[in-house]
Amino acid sequence: MFKKSIGYLVLVGAVFVGCGSGGSSENNLKGIPILSVEENLTITKNVTGKNATILENSGNAITSCRVTPDLPTGLTLHDDCTISGMVEEDVNKTEYTFTATNSVGETSATTTIEFATAIIGTIAGTISYDYVPLTDRGLEYANTIKKPVRGAVVEVIDVLGNVLGRTDTSSTGQYSIEVTGTTAKVRVLAKLFKSPATGEASWNFKVKDNTNGDALYATEGSFHDIGTSFPKLNVSSGWGASSYSSRRAAAPFAILDIAYAGMEKIKTAQSDAIFPPLNIFWSVNNLAASGNIKLGQITTSHFNGESLYILGKEDQDTDEYDTGVVAHEWSHYYEAMFSRSDSVGGPHGEGDQLDIRLAFGEGFGTSVGCMIIENKMYRDSLGTKQAQLAVREDLEAGGHRANAGWYSEASVYDILYDIYDSHDDTGDRLSLGFEAIHKVLIDKQKNTPAFTSIFSFITALKEEYPLEKDKIDAITSNESISPINDIYGKGYRGNRKINANPLYASLEIGKRISIYPNYNTTGSSLANKLGTYNFLEFTILSEGQYTIQVDGTSKTDLEFNVYKEGSKDSVLSQTSLGRSISGSNNLSVGRYRMEIIDYNLAKNQTLYIQLNKG
Ligand SMILES: [Ca+2]
Ligand SMILES: [Ca+2]
Ligand SMILES: [Ca+2]
Ligand SMILES: [Ca+2]
Ligand SMILES: [Zn+2]
């Protein structure tokens, strides 16, 4: 099962009901203040601090704070041990002891503070993160390597908490920036950002904690003198001998690195791509239960049409190092933002006969995800020590899948991967690269008057690359799909059963047509399976008021929606518990697509549909 790949792009109707479980919140009893402070600090003279934190506390919240000897004139120590104010006069280097108290007890920490005048100097260094490889044996902590933190925002911060400057790490994790101050530390944010500029790409990706007020993840180094070289900063995975034993600081950077890789991939096809802002929510509490997202109950890793949610619960299912999974979800964002996805979302599996829109969306996510990570293997780790695999799919294993076809997400990812890759295998002699995928996606696929599916995609691809027609047909044939020549899949039927409807019924003005819903019975949920939604298409040649009437022959719970060309907004919708429904609206000239669903999934009934002017 691709349990991971639930799209939730559009949840049409009231078919999906969440589990709605409660869940307990974690109660952290950490005890007395646990302080850490650097041995030597330099506060810059004539610079104002605003509630600067020089003592790190990992215990319960501090309620009062004192220091001996007193801080110099101009500086104020607050009850939470933060410092504000400014030093103007000359003060000798002095050792200070801070004592912090909370409801449990008190702790002291000592540091020597020097007061100095600012200089102009360069800060330069390298930032990396712990990357845990995923293989057929699950996550291999023993083989952890350091990878560069690429393109992330770096802030330089002084002792008084002032941001002295901002820059980004390079593609090799290096940064260099000139600042004015005395000593400073670097803080690397789980954020990729570039502001819009004409003719250039721009982006804004952030990894945040949905279980901690949506806080942006960040990691800091220690204080060093400006003008000296800073030691390499490596963000730790937090893995101990046999479990996570400290903060899993590297996880957000592993996820961010997939956003970086995705962005780089798209830029190879479109150098001025504008990426809409994206928040990626990850937490060590994110687990496979539905309910309250603030408690980490995110159901599964998914894209909700706006943001990504990624699993992180240790010994259950973590996804931060499952690069294919993160890239799959990121690809849903890419498809939704740069193209159009009509996927209905919901649970689905590799062998299911799916709604054509879902089959395409999920196959696309897996295939483009694997293009981004440059690996034909899609893996998803889970279980104790993340040592098992939930999914292991070889995208080059096409040609002999049990349920191959245009309704199979596996066939879709095999096909897209063969179009893209330059490794010839069974049925594959084509190497169009990523540019071809992107080109079709942002234009013809985005604006297709049909629902988005393998039919709209392949038809557009053949229009763009007419000389490759035979090679494209060979690739689809390899997945038991005869040549595709039409966005509506003419000649294909609504499911595999004999007498099933054409995939799309054609409506003509004033002519009543009938369709016979013929529900597929594979898979756990019928709502997104092949045959549940019935598709129709029609063309309006003169603008005016039109009415669509649907009559069932048994008790129904009908809904229909009509869309025009590239738009995802319905121009005409109707729902009813009755046997007949109708709706009217002004329709302009153009091509329309329509879906009808009977939520009762009533068998042996006929639906009569009529489009009338007026
Ligand atoms: Ca996983
Ligand atoms: Ca292949
Ligand atoms: Ca190929
Ligand atoms: Ca291939
Ligand atoms: Zn998915």
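Taking residues in region 420-432 that are touching a residue at least 12 places away in the same chain (Cβ under 8 Å), and partners anywhere that are of a type in the set (A, V, I, L, M) and within 16 Å of ligand 5 (Cβ to nearest atom), the pairs with Cβ atoms closer than 9 Å and at least 6 places apart or on different chains are Tyr420/Val368; Tyr420/Met371; Asp421/Met371; Asp421/Leu395. In the set Tyr407, Tyr465, Tyr378, only one residue is away from ligand 4 (no atom under 12 Å from the Cβ), among the hydroxyl-bearing types (Ser, Thr, Tyr) and surrounded by fewer than 18 Cβ atoms within 10 Å (Cβ to Cβ); that residue is Tyr465.
The set of residues from region 411-460 being within 16 Å of ligand 2 (Cβ to nearest atom) and within 15 Å of Gly489 (Cβ to Cβ) comprises Ser411, Val412, Ile415, Ile454, Ile458. Once region 380-402 is narrowed to residues that are under 18 Å from Phe364 (Cβ atoms) and of a type outside the set (Gly, Ala, Ser), the residue that is nearest to ligand 1 (Cβ to nearest atom) is Asp380.
Taking strands (runs of 3 or more DSSP E) as the structural unit, those lying wholly within region 510-614 and holding at least 1 residues that are within 30 Å of Asn403 (Cα to Cα) correspond to 513-515, 533-540, 558-564, 590-598, 607-613. Give me the strands (runs of 3 or more DSSP E) completely within region 233-333, filtered to those with at least 2 residues that are touching a residue at least 40 places away in the same chain (Cβ under 8 Å) and of a type in the set (A, V, I, L, M, F, W, C), ordered by residue number. Qualifying strands (runs of 3 or more DSSP E): 233-235, 278-282. Within region 395-402, one or more residues are more than 16 Å from ligand 4 (Cβ to nearest atom) and surrounded by fewer than 20 Cβ atoms within 10 Å (Cβ to Cβ). Looking across region 418-432, the residues that are surrounded by fewer than 24 Cβ atoms within 10 Å (Cβ to Cβ) and either near ligand 4 (Cβ under 8 Å from one of its atoms) or not charged (D, E, K, R) (or both) come down to Tyr420, Asp421, Ser422, His423, Asp424, Asp425, Thr426, Gly427, Asp428, Leu430, Ser431, Leu432. No other residue among Val87, Val91, Val67 is of a type in the set (A, V, I, L, M), under 15 Å from Glu114 (Cα atoms) and in contact with a Leu (Cβ under 8 Å, 6 or more places away or on another chain) apart from Val87.
Of the residues making up region 215-232, those that are without any contact (Cβ under 8 Å) to a residue 12 or more places away in the chain and touching a helix residue (DSSP H, G or I) at 6+ places or on another chain (Cβ under 9 Å) number 0.
Residues that are part of a strand (DSSP E or B), closer than 21 Å to Phe303 by Cβ and more than 16 Å from ligand 5 (Cβ to nearest atom) within region 364-390 comprise Ser381, Leu382, listed in sequence order. Among the conditions (1) of a type outside the set (Ser, Thr, Tyr); (2) without any contact (Cβ under 8 Å) to a residue 40 or more places away in the chain; (3) over 16 Å from Ser229 (Cα atoms); (4) in a strand (DSSP E or B), Lys146 misses just one, which is (2). Residues considered: Val91, Val104, Val67. Of these, the only one that is farther than 27 Å from Ala218 by Cα, in a strand (DSSP E or B) and aliphatic (A, V, I, L, M) is Val67.
Checked against the criterion of being at positive phi and either buried (at least 19 other Cβ atoms within 10 Å of the Cβ) or of a type in the set (A, V, I, L, M, F, W, C) (or both), region 92-111 contains not a single residue that satisfies it.
Read the figures in this text as sums done on the coordinates, not as results from a lab. Keep in mind the model is a prediction, meaning the values are calculated, not measured. For neighbour counting, all protein chains shown are included, and Cβ atoms are generated from backbone atoms with ideal geometry for every residue, glycine included.
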